[in-house]
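**Student:** Here it is, the structure in full.
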Amino acid sequence: MTATLYSVNSPDLPQPPAWQSAGPKFFTPSERQSMSVTLAQANQANQAIAAAIGKAHVLGINISVSVCDPGGRLVAFARMDGSHWGAGYGSQGKAVASAGFARPSGLLAERAAAPIMRGIAQAEGGHMFYAKGAVPIFIDGALAGACGVGGGTGEQDEECAVAGSTAVLG
């Protein structure tokens with residue numbers, strides 16, 4: 001099994017045709033393969049949470065961490081003592097957006113006000129947050145889920161999400 005983590009700054013980030021100029025691309029089933037997080041990977045999600053929280057300790061912040069499957073459904077969650085109650089919603093919303101578009105959630109922020117993006121978020125139930133702080137997890141080239149963090153700045157949240165996602169891939 002080959003696992004790959006893509007971050008916002010990754011030169012390997014797969015780019016759908018005209019991603020930067022044409023807005024979000026909707027993948028057909030043959031273009032976008034996905035797989036569910038297995039029980040073993042869900043156990044690894046707890047390692048992701050521990051790694052993200054470890055990074056938060058280093059940064060001196062209190063966070064909430066969410067790991068979701070490709071459909072944006074929660075696989076694992078934790079909230080640090082002292083973390084704001086709303087950070088839980090933020091961490092999961094960012095993870096849902098990241099998994100939904102197979103992109104770091106921060107890349108979606110500039111298009112958040114577009115009617116199609118608002119419509120997708122509304123149709124999904126209003127859980128998607130188009131803000132920096134989540135990264136997708138790819139295993140064997142297929143989307144396996146995403147790790148989202150809330151509680152710090154967008155940059156801090158993304159650092160913690162990358163640490164968590166890396167632990168899942170380990």
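The values are calculated or read from the model by the stated rules, or taken from the named source; none is laboratory data. From a predicted model like this one, the values you see are computed outputs, not experimental measurements. Here Cβ is always computed from backbone atoms with ideal geometry, including for glycine, and neighbour counts include all displayed protein chains. Note: accessible area is taken over every heavy atom of the protein model, side chains too, but ligands, DNA and RNA are not part of it. Shrake-Rupley method; radii C 1.70, N 1.55, O 1.52, S 1.80 Å.
**Student:** Taking the stretch 82-103 as the search range and keeping residues that are part of a helix (DSSP H, G or I) and aliphatic (A, V, I, L, M), which one is surrounded by the fewest Cβ atoms within 10 Å (Cβ to Cβ)? Outline the logic, then answer.
**Tutor:** Quick first cut of the stretch 82-103, residues part of a helix (DSSP H, G or I) only: 86-101.
Pick out the ones that are also aliphatic (A, V, I, L, M) and you get 87, 95-97, 99.
Values: 87: 23, 95: 36, 96: 26, 97: 32, 99: 29.
The residue in question is 87.
**Student:** Next question, about the same structure. Step by step: first the residues of the stretch 57-81, then only those that are free of Cβ contacts under 8 Å to residues at least 12 places away in the same chain and part of a loop (DSSP other than H, G, I, E, B), then the one that is surrounded by the most Cβ atoms within 10 Å (Cβ to Cβ). Which residue is that?
**Tutor:** So the first thing to find is which residues in the stretch 57-81 are free of Cβ contacts under 8 Å to residues at least 12 places away in the same chain, and the list is 57-58, 60, 73.
With part of a loop (DSSP other than H, G, I, E, B) added as a condition, the list becomes 60, 73.
On the way: 60: 8, 73: 14.
Once the filter is applied, the top-ranked residue is 73.
**Student:** Six or more apart or on different chains, Cβ atoms under 7 Å: show the pairs whose first residue is in the stretch 104-118 and surrounded by fewer than 18 Cβ atoms within 10 Å (Cβ to Cβ) and whose second is in a helix (DSSP H, G or I).
**Tutor:** If the second residue must be in a helix (DSSP H, G or I), the pairs left are 111/117.
**Student:** Got a sec? Which of 90, 82, 126, 72 is touching a His at 6+ places or on another chain (Cβ under 9 Å), at positive phi and not acidic (Asp, Glu)?
**Tutor:** The conditions single out 72.
**Student:** Could you tell me whether any residue of the stretch 30-38 is assigned to a loop (DSSP other than H, G, I, E, B), modelled with pLDDT under 75, acidic (Asp, Glu) and over 17 Å from residue 155 (Cα atoms)? Show your work before the answer.
**Tutor:** First, the residues of the stretch 30-38 that are assigned to a loop (DSSP other than H, G, I, E, B): 30-33, 35-38.
Next, from what is left, pick out any that are modelled with pLDDT under 75: 30-33, 35-38.
Filter once more, keeping what is acidic (Asp, Glu): 31.
Then keep just the ones that are over 17 Å from residue 155 (Cα atoms); that gives 31.
Looking for residues that are assigned to a loop (DSSP other than H, G, I, E, B), modelled with pLDDT under 75, acidic (Asp, Glu) and over 17 Å from residue 155 (Cα atoms), one finds at least one in the stretch 30-38, hence yes.
**Student:** Can you say whether residue 122 is surrounded by fewer than 21 Cβ atoms within 10 Å (Cβ to Cβ) and in contact with a helix residue (DSSP H, G or I) (Cβ under 6 Å, 6 or more places away or on another chain), as far as the supplied structure shows? Explain how you work it out, then say what you get.
**Tutor:** Numbers: surrounded by fewer than 21 Cβ atoms within 10 Å (Cβ to Cβ): yes; in contact with a helix residue (DSSP H, G or I) (Cβ under 6 Å, 6 or more places away or on another chain): no.
So residue 122 does not fit the description; no.
**Student:** I would also like to ask the following. Checking residue 138 against (1) surrounded by fewer than 17 Cβ atoms within 10 Å (Cβ to Cβ); (2) of a type in the set (Phe, Trp, Tyr); (3) touching a residue at least 60 places away in the same chain (Cβ under 8 Å): exactly one of these is not met. Which one?
**Tutor:** (1)
**Student:** Another question, if that's okay. Can you name every residue in the stretch 82-122 that is within 20 Å of residue 136 (Cβ to Cβ) and among the hydroxyl-bearing types (Ser, Thr, Tyr)?
**Tutor:** Residues satisfying the conditions are 89, 91, 98, 105.
**Student:** Can you go through 105, 64, 83 and tell me which one is under 11 Å from the mean Cα position of the chain (by Cα) and of a type in the set (Ser, Thr, Tyr)?
**Tutor:** Details: 64 fails: under 11 Å from the mean Cα position of the chain (by Cα); 83 fails: under 11 Å from the mean Cα position of the chain (by Cα).
Among 105, 64, 83, only 105 is under 11 Å from the mean Cα position of the chain (by Cα) and of a type in the set (Ser, Thr, Tyr).
**Student:** Right, another one. Quick check, is residue 151 in contact with a Cys (Cβ under 9 Å, 6 or more places away or on another chain), closer than 20 Å to residue 49 by Cβ and open to solvent by 10 Å² or more (accessible area, probe 1.4 Å)? Working first, answer last.
**Tutor:** Values: in contact with a Cys (Cβ under 9 Å, 6 or more places away or on another chain): yes; closer than 20 Å to residue 49 by Cβ: yes; open to solvent by 10 Å² or more (accessible area, probe 1.4 Å): yes.
Yes; evaluated as a whole, the condition is true for this residue.
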